[in-house]
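The values are calculated or read from the model by the stated rules, or taken from the named source; none is laboratory data. Please read all numbers here as calculations on a predicted model, not as lab measurements. Positions of Cβ are backbone-derived with ideal geometry, glycine not excepted, and every protein chain shown enters the neighbour counts. Protein only, heavy atoms only, side chains kept; ligands, DNA and RNA dropped before computing areas. Shrake-Rupley method; radii C 1.70, N 1.55, O 1.52, S 1.80 Å.
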Amino acid sequence: MRTFTLQLAGLAAGMAIAVPASPADHATLSARESDPRVMGWMEGFPPPADRIITQPDSNYFSFPKLRWSVCHMRELLPTEEISRGLGAPAPLRYLPDPERERASIDALHFTPLGGGAPMTWAESLEANYTDGILILHDGQVVYERYFGCLAEDGKHAAMSMTKSLTGLLAEILVAEGSLDDTALVSSIVPEIRGSAFADATVRQVMDMTTGLHYSEDYADPNADIWVYSAAASPLPKPESYTGPVGYFEYLQQVRPEGRHGEAFHYKTVNADMLGWIVSRVTGKAVTELASERLWRPMGAEQDAYIQVDGKGVPFAGGGLSAGLRDLGRLGQLLLDEGVIDGRRLFPAEVTRSIRRGGDPAKFGDAYPALRGGSYTSMWWVYPGDHGVFAARGVHGQTIYVDPAARMVIVRFASFPKPQNPLIDPTTLPAFEAVAKHLMAK
């Protein structure tokens with residue numbers, strides 16, 4: 001049973017549920033020192049025994065191995081494709097002299113939140129263990145770089161940005177009238193009637209204001225996260241296992257705690273419940289719907305993929321891996337309120353609803369750098385007058401949309417610790433410095 005628990009620790013991390021790193025991990029190598037090419041992970045035929053990263057080894061998502069794993073999730077866990085179809089990709093527009101603009105952005109200075117020495121944009125990329133960064137301004141690529149495990153034709157784990165994809169699909173259905181966000185979850189998914197989700201509304205699930213008993217305290221061996229991870233694991237269960245199998249069975253046993261609608265509580269199970277709702281309404285898996293409504297019509301250049309549980313259900317809360325440019329296309333599509341190349345893919349109300357945000361009073365103070373912001377439709381809505389909204393994932397993933405600056409930034413990263421509040425003090429002022437620079441042009 002101990003082996004199964006260790007496997008779950010690795011699986012939870014692979015599902016973008018952050019497992020605390022060991023103290024040894026925190027004696028942290030720099031971004032350059034931990035570069036997978038420098039470390040030599042999985043290089044050679046065969047690789048040296050101490051350079052091999054495999055599943056079901058439980059440490060494939062511990063630092064520094066995670067810097068290789070984030071680009072190779074499909075080699076570690078079963079997945080399902082989000083097909084881009086067979087059409088030609090929609091071309092991206094680039095500056096005629098990209099190196100000149102790259103140099104000017106690299107040299108931008110800002111002061112981290114809370115003070116400290118000024119830092120350049122280029123220095124912030126290394127400080128945050130950036131694997132890929134893309135900046136679009138007025139629909140044109142003005143900056144693009146790759147590091148570590150990622151190349152322009154590669155894919156990277158998006159972690160909890162997957163939630164925002166699921167939320168976007170739900171918001172599209174709401175705007176089109178095929179999903180009623182005031183409906184009770186049990187009216188759409190009757191199987192959930194014995195669960196805490198039963199008397200929550202779809203909107204409460206979308207905004208994570210549900211009252212659920214669900215703990216992600218990894219220090220507690222009895223925390224709900226371990227039951228959740230065991231249920232979701234596609235690995236063979238031990239003969240002694242008697243728990244739920246798959247996401248859907250787990251969701252049916254979630255117990256209530258508190259009252260729905262009172263406060264924002266970031267809990268991954270909400271995204272999996274929303275994935276079930278979306279699939280039940282459309283009769284399509286999240287992967288199929290994302291392909292049909294987004295990847296194919298927006299002209300993605302690569303297929304994406306999502307991890308699945310032992311029954312083939314996509315992990316709607318954190319299993320996406322995708323190309324950097326395709327998430328740039330997705331961010332631009334939202335910035336342009338559903339229009340690409342003159343074609344409307346979804347109603348403008350989708351973006352407008354997300355931008356309006358949730359209730360800041362319910363959002364609280366759990367995320368200091370975002371105080372005064374909100375959360376809605378699985379998107380983070382930032383405070384300030386730029387109307388910024390973003391998808392966020394552990395270890396530094398983001399799609400950052402700034403309507404005032406007409407700017408989209410997509411970043412993939414493999415920061416040693418999972419918590420984004422650790423890198424917000426450098427990330428947020430860096431992004432704001434780029435916005436200010438582009439608005440002045």
Using 19 Å as the cut-off for backbone N distance, which residues of segment 410-441 belong to the label zone defined by a point 7 Å from the Cα of ASP97 along Cα→Cβ? 437-441
List the relative contact order of the chain as a percent without decimals, with contacts defined as Cα pairs under 8 Å and 6+ residues apart. 22 percent
In a shell of Cβ-Cβ distance under 11 Å around ARG102, excluding ARG102 itself, what net charge do Lys and Arg (+1) and Asp and Glu (-1) give? -3
Of the beta bridges DSSP finds with both residues in segment 44-162, what % are antiparallel, to the nearest 5? 80 percent
Sum up the charges of everything whose Cβ sits under 14 Å from the Cβ of GLU288, counting Lys and Arg as +1 and Asp and Glu as -1, but leave GLU288 out. +1
Calculated SAXS-style log₁₀ I(q)/I(0) at q = 0.14, 0.15, 0.24 Å⁻¹ - segment 76-118, Debye, Cα scatterers: -0.75, -0.76, -0.91
How large is the accessible surface of ILE225 in square angstrom, using a 1.4 angstrom probe and rounding to the nearest 10? 0 Å²
In order through segment 285-295: 3J(HN,Hα) via Karplus (6.51 cos²θ - 1.76 cosθ + 1.60), integer Hz, x for Gly, Pro: 5, 3, 5, 5, 5, 5, 5, 5, 9, 10, 4
Note down the net charge around PRO78, summing +1 for each Lys or Arg and -1 for each Asp or Glu among other residues with Cβ under 14 Å from its Cβ. -2
Over its alpha-carbon atoms, segment 334-377 yields an Rg and a Dmax in Å of 13.7, 41
Only Cα pairs within less than 10 Å get springs; with that Gaussian network setup on the chain, which residue of VAL286, VAL401, VAL254 has the largest fluctuation? VAL254
Sorted by chain and number, the residues with a modelled amide H under 5 Å from that of THR376, at a separation of 5 or more or across chains, are GLY358, VAL381
Here the gain from full extension of ASP199 to ALA122, 0.36 nm per residue of separation minus their alpha-carbon distance, amounts to 22.8 nm
Take the residue pairs LYS267/LYS417; LYS311/LYS417; LYS284/LYS417; LYS155/LYS311; LYS65/LYS441; LYS237/LYS362 and return only those whose Cα atoms are more than 29 Å apart. LYS311/LYS417; LYS284/LYS417; LYS65/LYS441; LYS237/LYS362
Is the shape of segment 273-361 rounded, prolate or oblate, going by the alpha carbon gyration tensor and its root eigenvalues a ≥ b ≥ c, with a/c under 1.5 for rounded and a/b larger than b/c for prolate? oblate
As an exercise, take the mean of 1/r over every pair of distinct alpha carbons in segment 227-285, invert it, and state the Kirkwood radius in angstroms. 13.2 Å
Over segment 247-358, relative contact order from alpha-carbon pairs under 8 Å, at least 6 apart, %: 20 percent
Segment 170-281: Rg to Rh, with Rh as the Kirkwood radius over Cα pairs: 0.99
Per residue, how much accessible area does segment 184-266 have with a 1.4 Å probe, in Å²? 46 Å²
Given H placed on each backbone N at 1.01 Å, which residues far from VAL339 in sequence or on other chains put an amide H within less than 5 Å of it? LEU345
In the Gaussian network model of the chain, springs joining C-alpha atoms below 10 Å, which of ARG296, ARG392, ARG100 carries the largest mean-square fluctuation? ARG100
Can you tell me which of 355-363, 309-317 comes out highest on packing, and rank the rest after it, using the mean Cβ neighbours within 10 Å? 309-317, 355-363
If R0 = 22 Å, then ALA440 and HIS109, at their Cβ-Cβ distance, give a FRET efficiency to the nearest 0.05 of 0.95
Per residue, what volume in Å³ does the Cα convex hull of the chain take up? 147 Å³
Just check segment 297-441 against the gyration tensor rule for me: Cα atoms, a ≥ b ≥ c as the square roots of the eigenvalues, rounded for a/c under 1.5, and otherwise prolate or oblate depending on whether a/b exceeds b/c. rounded
Expressed as a whole percentage, what fraction of the accessible surface of the chain belongs to carbon and sulfur atoms when a 1.4 Å probe is rolled over the protein heavy atoms? 52 percent
In square angstrom, rounded to the nearest 10, how much accessible surface does ASP138 have for a 1.4 Å probe? 80 Å²
Assuming a ≥ b ≥ c are the square roots of the Cα gyration tensor eigenvalues, decide whether segment 233-325 counts as rounded (a/c under 1.5), prolate (otherwise, with a/b larger than b/c) or oblate. oblate
